[in-house]
Structures are given as structure tokens and as C-alpha cells.
Amino acid sequence: PLPNLPADAIGGTVNLVTRSAFDRDGRMLGLEIGTTYNERLGNWNAQIGGTAGGVFGDRRQFGALATVNYYHDLRGYDQVDQQFSINATTGASTVTRAYYYDRSEEKTRVGGGLAFDWRPTDNTQFFTKALYSYDYRWLDQRGTDYRPADGRVDVINNYREPKNVFQ
């Protein structure tokens, strides 16, 4: 934190600079393709993205850029989390709590953007940009919460399905 912020403040600045057709001279065309294999579920996950754009005009003063992307990931895994207590005198550790659960999750993201730029002089640039992002996540987590000290066993069942759209 800076001196002008409260002592427990979290502060910062993010300078988000989006792409412009003027980032490169001439035309640009890009394609990205990727995949992963989830052995537990026996499925392939995919991602693909593309960018196209360029500058044009008699003085190359106009630019246009378009980008699209798609990402899909379906995965599952088993997880174990344990908590311990440590005896300060002997250094012996004891499990005080253990979580055992199966987790399945799916993520789908679709996005795109358009940018139109105009650079009437070397020192002046105008632009308009449109962005779209769809983010869907699904999570199903089931398991047990075991506490050995008192023999307690609880069921864990977490489900969530948030969807976010930004424009």
C-alpha cells in the first residue's frame, strides 16, 4: 500500500491494453488449436482461437481487427485434503480432519472482439471496440469430512453452476 491508503488496504492499478490493428503493419491472421485428454473420464478437451485484421486506406490510417475463441474442459478427479495438529513438545503430528471427495467440473468459454481504429495523424488515434465473453462453469463435488478425534463423519455435497456474460 502507498502512504495515502489505509494500512490494511489492498490497492493497485491494472493497465489493460487491448489489441489494435496498428500493433502490426499489414495484415495479420492467426489460428490457435489445442487439446488435452482426461484419462479419468476418457474424454478430449478442446480450445480454438483465431485473429484476423489489418490496416488499410490510402495512408494506412484505418485498421480493423476481429478475434474469436472457444474453450471447453470437462474433467474429474479424486482429492484428499488433511489437517494436522503438531505436538510442540514431541513434534508428533496427528490427523485432526480429512476430506475425501470426488470432483467433476466443466468449463466452457466463448469470446470475441471487434476493433476499428482510425489514425488520422501519427500522434492521434481513435478507436471503437466491442467485446463479448460467455463463461460457464459447472462443479459437482461429493465426499466425506472425517474427524478422527470424535469419530464424526459428514457428507460433503457442493454444487454450483455460475454463468457470466460480459459485453
Discussion item. Give all pairs with beta carbons closer than 6 Å in which a residue from segment 97-115 that is within 23 Å of Phe84 (Cα to Cα) meets a residue that is among the small types (Gly, Ala, Ser) and open to solvent by less than 50 Å² (accessible area, probe 1.4 Å); count only pairs at least 6 apart in sequence or on separate chains.
Written reply: Tyr100/Gly143; Tyr101/Gly143
Worksheet item: Which condition breaks for Lys129 when tested against (1) surrounded by 14 or more Cβ atoms within 10 Å (Cβ to Cβ); (2) charged (D, E, K, R); (3) farther than 30 Å from Ser85 by Cα?
Response: (1)
Worksheet item: Does at least one position in segment 106-114 carry a residue that is exposed (fewer than 15 other Cβ atoms within 10 Å of the Cβ) and at pLDDT below 95?
Response: no
Discussion item. For segment 16-27: of the residues being basic (Lys, Arg) and surrounded by 13 or more Cβ atoms within 10 Å (Cβ to Cβ), which is nearest to the chain's Cα centre (by Cα)?
Written reply: Arg19
Discussion item. Looking at segment 68-89, can you tell me whether even one residue there is within 30 Å of Thr121 (Cα to Cα), modelled with pLDDT of 95 or more, out of contact with any helix residue (DSSP H, G or I) (no Cβ under 6 Å at 6 or more places or on another chain) and surrounded by 11 or more Cβ atoms within 10 Å (Cβ to Cβ)?
Written reply: yes
Discussion item. Of all residues being in contact (Cβ under 8 Å) with a residue 60 or more places away in the chain and charged (D, E, K, R) in segment 116-159, which is farthest from Phe62 (Cα to Cα)? Just the residue, please.
Written reply: Lys129
Practice prompt. For Gly143, indicate whether it is closer than 25 Å to Gly34 by Cα and surrounded by 11 or more Cβ atoms within 10 Å (Cβ to Cβ).
Written response: no
Response to the item:
Exactly one of Gly42, Gly54, Gly49, Gly30 is open to solvent by less than 50 Å² (accessible area, probe 1.4 Å) and touching a residue at least 24 places away in the same chain (Cβ under 8 Å), and that one is Gly54
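The values are calculated or read from the model by the stated rules, or taken from the named source; none is laboratory data. This one's a predicted model, so the numbers in the text were calculated from it and none came from an experiment. We place every Cβ from the backbone using ideal geometry, glycine too, and count neighbours over all the protein chains shown. The protein model used for the area step is the full one, side chains on, heavy atoms only, and it has no ligands, DNA or RNA in it. Shrake-Rupley method; radii C 1.70, N 1.55, O 1.52, S 1.80 Å.
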